[in-house]
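Participant: The structure follows.
The values are calculated or read from the model by the stated rules, or taken from the named source; none is laboratory data. Remember, it's a predicted structure, so these values are computed and weren't measured experimentally. Positions of Cβ are generated from backbone atoms using ideal geometry, with glycine treated the same way; all protein chains shown enter the neighbour counts. For accessibility, only protein heavy atoms count, side chains too; no ligands or nucleic acids. Shrake-Rupley method; radii C 1.70, N 1.55, O 1.52, S 1.80 Å.
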Amino acid sequence: MEIQKDLAGASGVPAEAELTEINRFAKSPLQAEEVYAFSLRLCDNEVDRDWERFDETALNALGDLFVGKSGIFDHQWTAEGQTARIYRAQVVREPAQMTAAGDGYCWLKAWAYLLRTEKNADLIAEIEGGIKREVSVGCSVARRVCSICGAEGGTCQHVPGQRYGERLCYLELREPTDAYEWSFVAVPAQRKAGVLKRYGPEDEGTARLRAQAELGRKYLQELRREVTRLAMLADDGVDGGALAKAAEHLEEPELLELKRVYEAQAARRFPPAPQLRSRGTARTEDKTEFLI
């Protein structure tokens, strides 16, 4: 997301109430003139470029998890890269704006501070000058849920990014378990910001379900190809490309019925020829009237 400067004065000096919040994280009390404060948009509930999104409940949970987390550069986890720290966060709702999922837009706003040191002078200048604007977050979630059927991500036959009727398929990120860091980046992954999503190791059960789902996807892909092939055999006027595209939105029951219909039509158009063909009424002594 992007950095904002709406909290303190033009110089980033925190107000007294904000300084109290900041000093919860300082070993020794800081004075206002020692601190540079700014706010930023961390992440939102819009569908991102990976066809994933946080819901509002997840954003609220992330708000609690991100308080106290450090800001770094390009998600490089080094102590030397630590620059700032979040001291407050809240979800901002903009119900007049709709997301691709069809609900009101909301986003996670955070307030961060860094020390006014010689080391940080260039960074403060870049923030003030609008050079350092984009940030993204590193976090983990317990679940990714298909927006179409509610199954765990990767265990169903729906493809993120495709539409099923009027509904867009995406994976909803639920139950955040940890927030690692937030980072200054050049190109965020989210459309309005950027989310670097990390997940825990995959257990055996989930791996098995994922393998089964992959087999199911391959089966459906072959079934769609077979329906398209049979339709073109049954009728020369069928647009194969258009039919293949339409078949992508059909599930197994519809595809099996179309396969049955086109098989019957193709069989009537191209009846099977017998392997044994008679040579006519003439008989031969060596009984070679029929040849294979």
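Participant: Taking the simple approach of a point 7 Å from Cα along Cα-to-Cβ for both Ala96 and Glu257, what is their distance in nm?
Facilitator: Calculated label separation equals 4.6 nm.
Participant: Further, regarding this structure: In nanometres, what is the gap between the two model label sites at Phe25 and Arg49, each 7 Å from Cα along Cα-to-Cβ?
Facilitator: For the pair Phe25/Arg49, the computed spacing is 2.7 nm.
Participant: Please report the equivalent ellipsoid semi-axes of region 222-273, computed as sqrt(5 x eigenvalue) of the Cα gyration tensor, largest first, in whole Å. Walk me through the intermediate numbers first.
Facilitator: Numbers: eigenvalues 72, 32, 10 Å².
Over the Cα atoms of region 222-273, the semi-axes work out to 19, 13, 7 Å.
Participant: Taking a probe of 1.4 Å, how large is the accessible area per residue of region 10-66, in Å²? Mind showing how you got there, number by number?
Facilitator: Details: 2630 Å² over 57 residues.
That works out to 46 Å² per residue.
Participant: As an exercise, identify the trypsin sites (Lys or Arg not before Pro) in region 108-165 lying in DSSP coil whose Cβ has no more than 13 other Cβ atoms within 10 Å.
Facilitator: Values: sites: Lys109, Arg116, Lys119, Lys132, Arg133, Arg143, Arg144, Arg163; in loops: Arg116, Lys119, Lys132, Arg133.
Sparse-neighbourhood loop trypsin sites (Lys or Arg not before Pro): Lys119.
Participant: Let me ask you something else. Relative to the present Cα-Cα distance, how much length would full extension add between Glu152 and Arg229 at 0.36 nm per residue of separation?
Facilitator: Numbers: separation 77, 0.36 × 77 = 27.72 nm, distance 3.29 nm.
Length difference between fully extended and current span is 24.4 nm.
Participant: Take Ser147, Ser140 and sort them by solvent-accessible surface of the protein heavy atoms, 1.4 Å probe, largest at the top. Intermediate values should be presented prior to the final figure.
Facilitator: Working: Ser147 30, Ser140 10 Å².
From most exposed to least exposed: Ser147, Ser140.
Participant: Just grab the label-to-label distance for Phe270 and Ala125, each label 7 Å out from Cα along the Cβ direction, in nm (one decimal).
Facilitator: 7.5 nm
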